[in-house]
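Scroll down for the structure; my scribbles are underneath it.
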Amino acid sequence: MTDDLLARVRDVLPGVRRDLEALVRIESVSADPERAGEVQRSAEAVRDLCAAEGFDARITSADGGRPAVIAHKRSGRDGAKTVLLYAHHDVQPENDHADWESPPFEPTERDSPSGRRLFARGAADDKAGIAAHLGALRVHGDDLPVNVVMFVEGEEEVGSPSLPAFLREHLDDLRSDVIVIADSGNWDIGVPALTTSLRGLVRLDVEVRTLTHAVHSGMWGGLVPDSLMTLARLIATCHDDEGNVAVEGLYAGPAASVEYPEERLRTESGALPDVQWIGTGSTVERLWTRPSLSVIGLTAPKAEGSSNTLVPAATARLSLRIAPGDSVANARDALTRHLEKHVPWGAELTITPVDSGEPTLIDATGPAYDAARAAFTEAWDGTEPIDMGVGGSIPFIAEFLDAFPEAGVLVTGVEDPDTRAHGANEGLHLAEFERVIHAEALLLSKLGEL
């Protein structure tokens, strides 16, 4: 059976590749209002692909959100389980085209250090997730071992703002026994993974004001603190000398015992050779299960063309990643208390929430996870999957866990350490993509046996 299934994967793969490339050519950037028509066109293309596989497929939305696709297809088997397959059809902005080695919306195959890749925005994140689902379904054709619900979202890259309303409105349409979320990645080329934890996110804009208006730095410097200096001192209090987050009240937990080689860390992160790592504890704890705090933006005069004046106000956007086991409410309160306590020299402090997302910790036990581990091990020729944490945030996973507490939620994906999702030259590793389709086809078979 295994050889036959793999043969069918290879039979459907060329068509899946063609459909993926067609999806990639649609510039479905959900953050760009001028490309709303492209997001709609992308949803229509996904709907048509599902309908071609015999699904009852429609485009829908909730609370003014961007278009999503829900599609259903029933198995002919009595008592079959229902499996929801999730992916998203919207993509990140491509940013500066000059940073790309080939046009960002023209899928281009070429060599990479780890093998042949298909390069384009969305080639991996997450149109390959859609294609992997379609590939696994085509392997089984009309002999589906399970009932299937396809849910392809159109606003994941802008934080899924309408998802809570969507889940409430379409709860019965999406209800399932197992949910497969194809929006993460694998540990390495040749090493599969199941994502079992993700950090949450709290973003704040922090404004410091020391003056009602700008004044001459020669006349008033040395007496009046400028806002940039004040803001810098405030931000510096958020870390200790070793680089650990020094905000009291945040949660930190243990992580799986996984080795992360130094050479791989340097390569994947892009850190310069002499840059030291910050924080204490194991590498994966610092990346997956401890908080991190980054300054991701500043509102202040540019250095070029600046005048000899004390700047009256400056703003920093802080991005706090919170550990699984913490909560948005606790983390936001802890950071707010810290900033209010440490703002220097009596400066006026204004804190404005930007957005947030809850962390996720998945109980990776039970029949669905047993089936997934067996399927992945088989597809990767005996290499067992690693239970992997992710330092980034996918807040909608927590929404799924809340909406469907009885369902087994499996977080899988097509990415690898050199995918470069969200960056220039995003690429899908083609040999691993075949394994992903094989693994999901096997998973559906095994879930059909439960």
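Annotations
- Candidates Arg110, Arg203: the one that is farther than 16 Å from Ile26 by Cα, open to solvent by 20 Å² or more (accessible area, probe 1.4 Å) and within 18 Å of the chain's Cα centre (by Cα) is Arg203.
- Of the residues making up segment 323-351, those that are among the aliphatic types (A, V, I, L, M), closer than 18 Å to His239 by Cβ and in contact with a helix residue (DSSP H, G or I) (Cβ under 7 Å, 6 or more places away or on another chain) are Ala323, Leu339, Val343.
- Leading residue by the ranking (nearest to Leu234 (Cα to Cα)) among those in segment 287-322 that are among the basic types (Lys, Arg) and at pLDDT 95 or above: Arg317
- The residue list Arg332, Arg317, Arg321 contains one member that is basic (Lys, Arg) and under 16 Å from Leu228 (Cβ atoms), which is Arg317.
- Residues that are more than 22 Å from His72 (Cα to Cα), open to solvent by less than 50 Å² (accessible area, probe 1.4 Å) and not aliphatic (A, V, I, L, M) within segment 1-22 comprise just one, Glu21.
- Where Ser319 falls short, out of the listed (1) assigned to a strand (DSSP E or B); (2) open to solvent by 40 Å² or more (accessible area, probe 1.4 Å): (2)
- Any hit, segment 241-255, residues being within 23 Å of Thr195 (Cα to Cα), modelled with pLDDT under 95, exposed (fewer than 14 other Cβ atoms within 10 Å of the Cβ) and among the small types (Gly, Ala, Ser): no
- Screening Thr336 with (1) over 16 Å from Ala182 (Cα atoms); (2) at pLDDT 95 or above; (3) hydroxyl-bearing (Ser, Thr, Tyr); (4) surrounded by 19 or more Cβ atoms within 10 Å (Cβ to Cβ) gives one miss only, at (4).
- Residue within segment 387-396 that is among the aliphatic types (A, V, I, L, M), open to solvent by less than 10 Å² (accessible area, probe 1.4 Å) and either at pLDDT below 90 or not in a strand (DSSP E or B) (or both) present: no
- Of all residues in segment 23-33, one or more are assigned to a helix (DSSP H, G or I), modelled with pLDDT of 95 or more, open to solvent by less than 20 Å² (accessible area, probe 1.4 Å) and within 25 Å of Leu174 (Cα to Cα).
- Test for Ser197: is it within 30 Å of Ala439 (Cβ to Cβ) and either surrounded by 14 or more Cβ atoms within 10 Å (Cβ to Cβ) or β-branched (Val, Ile, Thr) (or both): yes
- Restricted to segment 56-78, and to residues there that are in a strand (DSSP E or B) and among the small types (Gly, Ala, Ser), the residue that is nearest to Val39 (Cα to Cα) is Ala68.
- Of all the listed residues (Ser162, Ser184), the sole one being among the small types (Gly, Ala, Ser) and under 18 Å from Ala407 (Cβ atoms) is Ser184.
- Residues (touching a Pro at 6+ places or on another chain (Cβ under 8 Å), in a helix (DSSP H, G or I) and open to solvent by less than 20 Å² (accessible area, probe 1.4 Å)) located in segment 345-379: Ala372, Phe376, Ala379
- Among the numbered conditions (1) of a type outside the set (Lys, Arg); (2) touching a helix residue (DSSP H, G or I) at 6+ places or on another chain (Cβ under 8 Å); (3) on the phi < 0 side of the Ramachandran plot, the only one that Asp63 does not meet is (3).
- Enumerated strands (runs of 3 or more DSSP E) restricted to segment 79-125, each holding at least 1 residues that are more than 24 Å from Ser184 (Cβ to Cβ): 108-112
Per-residue answers, yes or no, for (1) more than 30 Å from Glu449 (Cα to Cα); (2) aliphatic (A, V, I, L, M); (3) touching a strand residue (DSSP E or B) at 6+ places or on another chain (Cβ under 6 Å):
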{"residue": "Val16", "(1), (2), (3)": "no, yes, no"}
{"residue": "Glu21", "(1), (2), (3)": "yes, no, no"}
{"residue": "Ala43", "(1), (2), (3)": "yes, yes, yes"}
{"residue": "Arg47", "(1), (2), (3)": "no, no, yes"}
{"residue": "Phe55", "(1), (2), (3)": "no, no, yes"}
{"residue": "Ala80", "(1), (2), (3)": "no, yes, yes"}
{"residue": "Gln92", "(1), (2), (3)": "yes, no, no"}
{"residue": "Asp99", "(1), (2), (3)": "yes, no, no"}
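- Verdict on Ala313 being touching a helix residue (DSSP H, G or I) at 6+ places or on another chain (Cβ under 6 Å) and open to solvent by 20 Å² or more (accessible area, probe 1.4 Å): yes
- First in segment 331-342 and in contact (Cβ under 8 Å) with a residue 40 or more places away in the chain, second anywhere and surrounded by fewer than 13 Cβ atoms within 10 Å (Cβ to Cβ), Cβ under 6 Å, 6 or more apart: Ala334/Gly249
- For segment 121-143, the set of residues classified as within 21 Å of Thr82 (Cα to Cα) and crowded, with 21+ Cβ neighbours inside 10 Å consists of Gly129, Ile130, Ala131, Ala132, His133, Leu134, Gly135, Ala136, Leu137, Val139, listed by residue number.
- Of the residues making up segment 144-177, those that are in a loop (DSSP other than H, G, I, E, B) and either over 22 Å from Asp355 (Cβ atoms) or open to solvent by less than 30 Å² (accessible area, probe 1.4 Å) (or both) are Leu144, Pro145, Val146, Gly154, Glu155, Ser160, Ser162, His170, Arg175, Ser176, Asp177.
The values are calculated or read from the model by the stated rules, or taken from the named source; none is laboratory data. Here the structure is a predicted model, which means the values were calculated and not measured. All Cβ positions, even for glycine, are placed from backbone atoms using ideal geometry, and neighbour counts span all protein chains on display. To get the accessible areas, we keep the full protein, side chains included, count just its heavy atoms, and leave off ligands, DNA and RNA. Shrake-Rupley method; radii C 1.70, N 1.55, O 1.52, S 1.80 Å.
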